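Working notes, structure below.
The values are calculated or read from the model by the stated rules, or taken from the named source; none is laboratory data. Predicted model only: the values in this text are computed from it and were never measured. Methodologically, a virtual Cβ is constructed for each residue, glycine included, from the backbone with ideal geometry; neighbour enumeration extends over all protein chains shown.
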């Protein structure tokens, strides 16, 4: 990343953190976090982390199976939303548990009481937390998947499209690859298990693309680790 871009990002993050106490925090009635770090004592393969929500948790086992023998996979699935100052703190705690070579992440299906302006404002805070907790890791952003039916209050496909566009613009400027899971599932409403989540076939389809996007980073990681 160019130095002046990094400097602007850090300034933006510092401003966001300074105003965290003044921030109106929006949370769901039940908040949850699911962390899974297998092979924590093994170090002969690259280590991959998936960050997301219950959709990520749904396709994680198939990603782990697809990358067996190529990488160790861990996950952090959470209901914490972009804009919640607890999210960077939570990620920092868990990222400290291991050194990760690749981080595939999406935080998009929660936090609908935050506006799209909030989403844009606090994306740099999320990225800074991951970069600080996983220095040197290859990062991959995943777009938020479509839903079968809009939920009020809750997600809508129009808002998902707007947030994906905001994220794409931001991460392209940061030169971070984008795994377009939204495009993959846009024509597969039949693979939903409910209005938001996917059935086994849908999760397998997502896992195939996620594993493929991660695997593209692994040979380069291996070359670096050989020196």
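Restricted to region 1-86, the set of strands (runs of 3 or more DSSP E) holding at least 3 residues that are at pLDDT 95 or above and in contact with a helix residue (DSSP H, G or I) (Cβ under 6 Å, 6 or more places away or on another chain) comprises 72-78. A count restricted to region 178-209 and to residues that are under 21 Å from residue 152 (Cα atoms), touching a residue at least 24 places away in the same chain (Cβ under 8 Å) and touching a helix residue (DSSP H, G or I) at 6+ places or on another chain (Cβ under 9 Å) stands at 5. Selection of region 112-125 for residues being closer than 25 Å to residue 197 by Cα and surrounded by fewer than 21 Cβ atoms within 10 Å (Cβ to Cβ) yields 112, 113, 114, 115, 116, 118, 120.
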